[in-house]
Ligand SMILES: Nc1ncnc2c1ncn2[C@@H]1O[C@H](COP(=O)(O)OP(=O)(O)O)[C@@H](O)[C@H]1O
Ligand SMILES: [Mg+2]
């Protein structure tokens, strides 16, 4: 794919890139040595889809998001794996100017706590122009127009917001400015890390619906990270569930929600009142998620909180297997899968054979 700086027409669906995260591991240096925050993650973002990444605080979601932009900062580092993005190659290998250009122009992003990442001394409009100039946007007027439109769609007076400083905006308004900045350069891969946490439930749903609309109009590939499964369930085509630095389950949203295979996904679902219908039936997941220092080094990372824990869970790390359209890493799910449950490796081997015949 040839990269150009020409703005894609609003209806272009062709440019939505695919993303393949393979064997990705990220460690942080701590007084106890380097500890993994993300371990051997395999994840595919299907071109044109919205993927939701969910999991409790500390599961490695933000670290994964930063890795997609090769933006993990010391004391962290990507210790293994690759992030192949169509049109960019393996971003883990990109450096310097190449990397800077990729961020913003090809990958739009809102990092967690973006509410506070605006420059306090400059208006939003000035920062927008800086952003445009630093990415060689030829038509700055069109950029401002697009920014105003996006802000307007998110329920704000665009012109006024562009004239405002950070301190004149509420947390929820800053988050919407963050989303606008992620979308305005017309990048076709968009990474949103907890983009709506400062907003009430109704506004969150509205803003995410607008993200979905823009996603469809512009033909994007989008990753939305949240600790709130209920929020993302409605807009994501696919879901990846993280726990202890692993993706423990991933697949089409209706499959993951309709037939959750991993006991952690099942627990997250039971904890959402809206999805089980009756508020009295919502049961919080017992126990607490692990921290970097307490993630078990052997066996299944979820076993201490798992109602289905078996002996093998303490000794062997579950491998990722295909169950229906989902990929699940759980010994009990694997054992219960029966003859229909094929291992992922077997499925891949079969696919490779089919492709060669
Ligand atoms: N700069 C850092 N130094 C040390 N540990 C970190 C740093 N950033 C994140 N971590 C740890 O890495 C783990 C994953 O964090 P993070 O990716 O922010 O998770 P999430 O976004 O799912 O809440 C957590 O245990 C967190 O404490
Ligand atoms: Mg986070």
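Can residue 197 be described as at pLDDT 95 or above and in contact with a strand residue (DSSP E or B) (Cβ under 8 Å, 6 or more places away or on another chain)? Against the criterion (at pLDDT 95 or above and in contact with a strand residue (DSSP E or B) (Cβ under 8 Å, 6 or more places away or on another chain)), residue 197 does not qualify. Yes or no: segment 95-114 includes at least one residue that is more than 14 Å from the chain's Cα centre (by Cα), assigned to a helix (DSSP H, G or I) and within 16 Å of ligand 1 (Cβ to nearest atom). Scanning segment 95-114, I find at least one residue that is more than 14 Å from the chain's Cα centre (by Cα), assigned to a helix (DSSP H, G or I) and within 16 Å of ligand 1 (Cβ to nearest atom), so the answer is yes.
Looking at 94, 88, 68, which is the one that is assigned by TED's automatic domain parsing to the domain that holds residue 219 and touching a strand residue (DSSP E or B) at 6+ places or on another chain (Cβ under 7 Å)? Going through 94, 88, 68 in turn, the sole match is 68.
Considering only helices (runs of 4 or more DSSP H) fully contained in segment 167-265, which possess at least 3 residues that are not assigned by TED's automatic domain parsing to the domain that holds residue 56? Give the derivation first.
Working: elements: 171-184, 201-218, 229-233, 253-258.
Correct list: 253-258.
Candidates in segment 219-234 are the residues that are modelled with pLDDT of 95 or more and more than 16 Å from ligand 2 (Cβ to nearest atom); of these, the one that is farthest from residue 63 (Cα to Cα) is 219. Note on segment 337-357: residues that are at pLDDT 60 or above and in contact with a strand residue (DSSP E or B) (Cβ under 9 Å, 6 or more places away or on another chain) amount to 1. Of all the criteria given as (1) more than 16 Å from ligand 2 (Cβ to nearest atom); (2) closer than 21 Å to residue 236 by Cα; (3) surrounded by fewer than 21 Cβ atoms within 10 Å (Cβ to Cβ), the one not satisfied by residue 30 is (2). The set of residues in segment 61-78 that are within 16 Å of ligand 2 (Cβ to nearest atom) and either assigned to a strand (DSSP E or B) or farther than 26 Å from residue 98 by Cα (or both) contains only 76.
Taking segment 116-126 as the region of interest, how many residues are surrounded by 13 or more Cβ atoms within 10 Å (Cβ to Cβ), more than 19 Å from residue 69 (Cβ to Cβ) and within 27 Å of the chain's Cα centre (by Cα)? Break it down stepwise before answering.
First, the residues of segment 116-126 that are surrounded by 13 or more Cβ atoms within 10 Å (Cβ to Cβ): 117-118, 122-126.
Narrowing the set further to residues that are more than 19 Å from residue 69 (Cβ to Cβ) leaves 122-126.
Within this subset, residues satisfying the condition of being within 27 Å of the chain's Cα centre (by Cα) are 124.
Count: 1.
In this entry, residue 146 is excluded by the filter for residues that are in the same structural domain as residue 45 (by TED's automatic domain parsing) and surrounded by fewer than 16 Cβ atoms within 10 Å (Cβ to Cβ).
Residue-by-condition table, conditions (1) within 25 Å of residue 110 (Cβ to Cβ); (2) surrounded by fewer than 17 Cβ atoms within 10 Å (Cβ to Cβ):
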residue: 240; (1), (2): yes, no
residue: 245; (1), (2): yes, no
residue: 256; (1), (2): yes, no
residue: 262; (1), (2): no, no
residue: 268; (1), (2): yes, no
residue: 286; (1), (2): no, yes
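Only one of the numbered conditions (1) touching a residue at least 24 places away in the same chain (Cβ under 8 Å); (2) more than 23 Å from residue 226 (Cα to Cα); (3) in contact with a helix residue (DSSP H, G or I) (Cβ under 9 Å, 6 or more places away or on another chain) is not met by residue 133, and that is (1). With the structure loaded, tell me whether residue 246 is out of contact with any helix residue (DSSP H, G or I) (no Cβ under 9 Å at 6 or more places or on another chain) and within 16 Å of ligand 1 (Cβ to nearest atom) or whether it fails that test. So residue 246 passes the test.
For segment 139-158, name all the residues that are assigned to a helix (DSSP H, G or I) and touching a helix residue (DSSP H, G or I) at 6+ places or on another chain (Cβ under 6 Å). Let's see the steps before the verdict.
Keep residues of segment 139-158 that are assigned to a helix (DSSP H, G or I), which gives 140-153, 158.
Listed by number, the residues that qualify are 140, 143, 146, 147, 148, 150, 151, 152, 153, 158.
The values are calculated or read from the model by the stated rules, or taken from the named source; none is laboratory data. As the structure is a prediction and not an experimental result, all values here were calculated from the model. Cβ atoms come from the backbone with ideal geometry, glycine included; neighbour counts cover every protein chain shown.
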